[in-house]
Amino acid sequence: MNEKEELERAVLEKFIAAYNDEHGEARLDLVSRGDAPDGVVRLGNVEIGIEVPHFYGTELDARNAHGRAGDFKSIREDGELWNEHVKNSTIPLEIRIPRAVNDILRSKSQKRYGEATWLVIRYGTRGLWTKPDFEMNRELIHVPVHSFRQIWLMCGVESSHGILRLA
């Protein structure tokens with residue numbers, strides 16, 4: 001299993017744990033891993049496809065989350081990464097984070113999936129924003145017309161960070 005597949009499997013497992021914690025009797029079970037969608041779960045007798053995109057806020061946040069950021073000197077030497085870091089450090093999180101979610105929603109809404117597919121967006125950066133931050137700024141997240149049965153946001157890298165239904 002490559003790194004992408006391992007990450008998707010971990011996200012599916014953590015989403016299932018968070019969903020089951022919140023919904024008690026209505027339990028999700030992992031049926032299989034795939035490519036499009038990224039996985040299939042079962043809710044009662046119904047199989048549901050799960051599509052799992054990730055966002056981190058910035059490229060540097062993504063590199064940090066995966067242990068690839070390097071030291072400060074190497075970041076400064078990578079002109080493109082440094083410019084992005086400087087630009088994003090001046091954008092408040094309450095703009096930057098919802099913008100990243102909206103970009104994913106816009107991109108994924110343009111694609112067609114089976115009628116029983118959920119979108120589960122994973123926020124992959126620890127501590128910058130939490131579930132209460134997403135709830136407080138929910139009006140900044142715009143869900144376009146889409147083909148998903150449900151859309152969920154995982155509010156962190158662990159199931160304990162909570163989930164938020166967006167549609």
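Looking at the chain, the DSSP beta bridges with both ends there are about 55 percent antiparallel. Ranking 123, 53, 144 by how far each Cα lies toward the positive end of the dipole of the chain (charges on Cβ) leaves 144 at the top.
Counting 0.36 nm for each residue step from residue 23 to residue 160 and taking away their Cα separation leaves a gain of 47.9 nm. Straight-line cross-link partners of residue 131 among the lysines, defined as a Cα under 19 Å from its Cα and at least 8 positions apart when in the same chain: 14.
Taking 109, 32, 147 as the candidate residues, the one with maximal mean-square fluctuation in a Gaussian network model of the chain, Cα springs under 10 Å, is 32. The C-alpha atoms of the chain define a longest principal axis, and helix 93-109 lies at about 50 degrees to it.
Applying the criteria of a DSSP loop state and at most 15 other Cβ atoms within 10 Å to the trypsin sites (Lys or Arg not before Pro) of the range 76-167 yields 111, 112, 126.
Exposure here means at most 16 other Cβ atoms within 10 Å; with GluC sites (Glu not before Pro) in a DSSP loop as sites, the longest stretch of the chain lacking them is 26-114. Against the chain, whose longest principal axis comes from its Cα atoms, helix 79-89 is set at around 70 degrees. Taking the C-alpha atoms only, the angle from helix 3-23 to the longest principal axis of the chain is near 60 degrees. For the chain, adding -39500 (n - 2.57) for each run of n ≥ 4 DSSP H residues and dividing by the number of residues yields -12500 deg cm²/dmol at 222 nm. Among the chymotrypsin sites (Phe, Trp or Tyr not before Pro) in the range 1-60, none is located in a DSSP loop while being surrounded by at most 10 other Cβ atoms within 10 Å of its own Cβ.
Here, each number is a calculation from the coordinates, and none is a lab measurement. Given the structure is predicted, the values throughout are model-derived calculations rather than measurements. Note: ideal-geometry Cβ built from the backbone for every residue, glycine included; neighbour counts use all protein chains shown.
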